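Colleague: Below is a structure I'd like to ask you about.
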Amino acid sequence: MGVELKTLIQHTEGYGIRLAAGKNGLSNNVSWAHICESAEAASFLTGEEIVMVTGIGLNRHSSLLELTELFLSRHVSAVLINIGPYIRELPDELVKFCNENDLPLFTVPWNTHLQDIIHTICFMISMSEQKSQELGSAFKNALLFPTQKELYYVALSKYGFQIESRYSVCLISVNNPYKPLEERAATLADDLGRALKFSWKGFSVFEYDGDILAIICAKNPEQVKTFANEIRTTIKQFLVKQETISMGVGKLTKSIRCLHKSYRQAKSILQLQISGKIPENRFIYSDMGLYRLLIGIDDPEILEDYYSQSLSCLVEYDREYHSNLLETLRAYFDNNCSVKETAEQLYVHRNTVNYKLGRIEEVTGLSLASTQTRLQLTLALMISDMITT
């Protein structure tokens with residue numbers, strides 16, 4: 001997870017740390033801190049570290065620049081130089097290099113113990129990771145065991161989340177053909193958390209069952225919509241080539257005890273998006289139209305019974321006679337019951353469409369001229385989208 005560099009430096013003011021170059025990189029994330037004096041030691045860096053140099057292993061200014069160039073290639077977040085008997089001042093070319101590459105370069109007096117700085121930085125990073133893990137675990141418990149508030153109340157209250165506040169679940173699925181879903185989701189969740197923490201308060205983002213789960217504490221649905229749109233925009237900045245996302249956002253709850261309902265709604269919307277049943281720009285519960293009624297039904301057997309009574313006869317007819325009555329019915333409704341537009345979509349003659357609509361009425365025993373029948377079959381088709389995803 002890590003902590004923003006600027007935040008870490010603000011909490012180490014007593015050590016005499018001064019910024020010498022690379023101020024545009026102060027938003028870098030820091031995952032750890034190391035003392036590194038040689039190219040050999042730099043090969044063990046993994047990225048996002050604050051690297052500290054005393055100069056004990058250096059004998060000329062150019063070596064310091066070469067070592068810093070190596071640090072940059074290892075994607076460190078910042079370099080801290082211990083000014084003293086080994087490095088008396090910063091070379092001009094080093095300052096220029098760090099400014100050009102937005103690599104923060106700091107100095108610290110020789111009488112400051114670097115170990116104290118490392119301890120402070122690593123402690124703050126550990127506390128940040130502990131907070132993230134505690135919040136993730138608490139929210140997962142709220143989803144799975146809503147009636148057992150002892151499993152999540154204390155942890156959430158500790159970080160300012162109250163039971164009686166209102167919450168909404170945003171669920172994001174990542175399609176990445178190259179990396180395990182859990183690993184990629186966890187990385188993107190960390191990226192999102194860092195990117196949004198400056199513009200939003202009262203939210204948590206973490207990996208959950210291979211997806212990214214973001215929970216927002218909000219006062220009204222408009223705040224939820226704004227948050228969801230910002231998440232969608234922000235996460236696209238972190239996606240790699242050929243990587244795509246699908247997204248679902250549940251209804252704003254009355255309290256955290258209803259969080260599991262918002263999660264179930266978000267998951268239903270997500271599945272509809274993944275299957276291509278709804279467009280990419282429809283992912284928020286309040287924008288789901290009639291689907292909101294169906295998503296709100298807790299008992300899946302109710303949906304299955306309704307679908308079976310309305311459309312199973314057409315499914316069986318199509319299977320037995322190798323026809324496409326169900327496809328014709330869906331196209332007919334998608335085209336506002338226009339025979340002409342349905343024929344154009346299916347690349348058939350209008351007489352063919354009329355014939356198949358007649359067969360649909362015979363098989364179902366329903367009149368397509370009836371508004372009630374059209375609504376009944378429309379709902380059945382929407383349920384089909386949900387139970388077959």
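Colleague: Please specify each residue of the stretch 277-292 satisfying the condition of being surrounded by fewer than 12 Cβ atoms within 10 Å (Cβ to Cβ) and in contact (Cβ under 8 Å) with a residue 40 or more places away in the chain.
Modeller: Leu290
Colleague: Among the residues of the stretch 140-181 satisfying the criterion of being farther than 26 Å from Arg232 by Cα and hydrophobic (A, V, I, L, M, F, W, C), which is surrounded by the fewest Cβ atoms within 10 Å (Cβ to Cβ)?
Modeller: Across the stretch 140-181, the extreme among qualifying residues is Val154.
Colleague: What residue, among those in the stretch 1-18 that are modelled with pLDDT of 90 or more and not in a helix (DSSP H, G or I), is farthest from Trp110 (Cα to Cα)?
Modeller: Arg18
Colleague: Let me ask something else. From Gln309, Gln273, Gln265, Gln242, which residue is more than 22 Å from Asp211 (Cα to Cα), out of contact with any Leu (no Cβ under 8 Å at 6 or more places or on another chain) and of a type in the set (S, T, N, Q)?
Modeller: It is Gln309.
Colleague: For the stretch 19-57, which residues satisfy the criterion of being under 22 Å from Ile125 (Cβ atoms) and in a strand (DSSP E or B)?
Modeller: If the condition is that a residue be under 22 Å from Ile125 (Cβ atoms) and in a strand (DSSP E or B), then Leu19, Asn29, Val30, Trp32, Ala33, His34, Ile35, Glu49, Ile50, Val51, Met52, Val53 are the ones that fit.
Colleague: Residues that are free of Cβ contacts under 8 Å to residues at least 12 places away in the same chain and of a type in the set (S, T, N, Q): list the helices (runs of 4 or more DSSP H) wholly contained in the stretch 304-389 that include at least 1 such residues.
Modeller: By residue number, 350-364, 371-387.
Colleague: One residue is enough: does the stretch 113-130 have a residue meeting the conditions free of Cβ contacts under 8 Å to residues at least 12 places away in the same chain, in a loop (DSSP other than H, G, I, E, B) and not assigned by TED's automatic domain parsing to the domain that holds Ile216?
Modeller: Yes, some residue in the stretch 113-130 is free of Cβ contacts under 8 Å to residues at least 12 places away in the same chain, in a loop (DSSP other than H, G, I, E, B) and not assigned by TED's automatic domain parsing to the domain that holds Ile216.
Colleague: Within the stretch 107-139, can you find the residues that are touching a strand residue (DSSP E or B) at 6+ places or on another chain (Cβ under 9 Å), closer than 17 Å to Phe161 by Cβ and buried (at least 16 other Cβ atoms within 10 Å of the Cβ)?
Modeller: Result: Ser128, Ser132, Leu135, Gly136, Ala138, Phe139.
The values are calculated or read from the model by the stated rules, or taken from the named source; none is laboratory data. What you see is a predicted model; the values in this text were computed from it and never measured. Counting neighbours? That spans all protein chains shown, and the Cβs are built from the backbone with ideal geometry, glycine included.
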